[in-house]
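I have placed the structure first, in the form of structure tokens, so that the comments after it can refer back to it.
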Ligand code: HSE
């Protein structure tokens, strides 16, 4: 028996929502898991990418054994019901650019978990799956919208339980993802963050995150423009993303641009706009990055309201 699951890309943080906010986007990975009889180790992991610009080094460095994150997640699910995974063939068809801040690892973790859960007769519910996915990924802000679709607020209780809510997102707002042709691993992007932050910065983010949720709820574009600012991660990551500061500056005073933030841990930049000239977004970002010899793939998308789906 084999099961395939299609999972959307995600963009996490949205400025002040560090490690707790995420949006699903219409770019997909498809993960297929097959229980089979295999010679050797008993695991076969195949990766296929439809991305033209994929860096072969990154692709080649993805583990094809028990250290693969999909296998780890699947193993945790089996272990949670007192079983060991049998021989598994895992196929990953990837359209989501890798190490660009668009949730490619979350998508494969979620896809693997949902496929394995179906193979096992669905012993785990959504919360249990989210909890395993969060443990493997380290934070819930990508895995939650990857499972649920849409705009998701997710946090973790002291006992590890994931607390999450899917909230309505104004579909009339355009999301432009600007994907540069260089990678930035989440580990590196997290390694530059300080252990402690000034109280004023923590207060700044608390205020802006609360305003952001209200702005989305009431589709208040002026409030959204005020809210899309962060002091907990973006200032520290600027040095890892050449051009980031200039791109953010370029949109600061543009009417119709609600904000420009780092997508997840970067290096992709996200521009949220409404009734704004999308070609202008593209040319502005291209001009800044191409002046630094960085090629960029710019795509304007609508939020994907559907989360991971099991394909029949
Ligand atoms: N919230 C995470 C971060 C998302 O910014 O490090 C990266 O996957």
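Only the coordinates and a few stated rules stand behind these numbers; no lab work does. Source: prediction; values computed, not measured. Here Cβ is always computed from backbone atoms with ideal geometry, including for glycine, and neighbour counts include all displayed protein chains.
In this simple spin-label model, placing a label point 7 Å from the Cα along the Cα-to-Cβ direction at both residue 181 and residue 163 gives a separation of 4.6 nm. Give the shape of the stretch 150-239 as rounded, prolate or oblate, defined through the alpha-carbon gyration tensor: a ≥ b ≥ c are the square roots of its eigenvalues, a/c under 1.5 means rounded, and otherwise the shape is prolate if a/b is larger than b/c and oblate if not. Cα axes put the stretch 150-239 in the rounded bin.
Relative to the longest principal axis of the Cα atoms of the chain, helix 199-218 runs at roughly 80 degrees. When the Cα gyration tensor is reduced to axis lengths a ≥ b ≥ c, the ratio a/c is 1.5 or higher for the stretch 174-301, and with a/b not above b/c it is classed as oblate. Highest-first packing order for the peptide set 126-134, 263-271, 76-84, 302-310 is 263-271, 126-134, 302-310, 76-84, based on the mean count of other beta carbon atoms within 10 Å. Each label point was placed 7 Å from the Cα along the Cα-to-Cβ direction; for residue 302 and residue 206 their separation is 3.8 nm.
Each of 253, 139 was scored by other Cβ atoms within 10 Å of its Cβ. Arranged with the fewest first, they read 253, 139.
Using only Cα atoms, find the angle between the long axis of helix 69-80 and the longest principal axis of the chain, and express it within 0 to 90 degrees, rounded to the nearest 10. Helix 69-80 sits at roughly 60 degrees to that axis.
In terms of surrounding Cβ atoms within a 10 Å radius of their Cβ, 289, 173 rank from fewest to most as 173, 289. Axis angle, to the nearest 10 degrees, between helix 278-290 and the longest C-alpha principal axis of the chain: 80 degrees.
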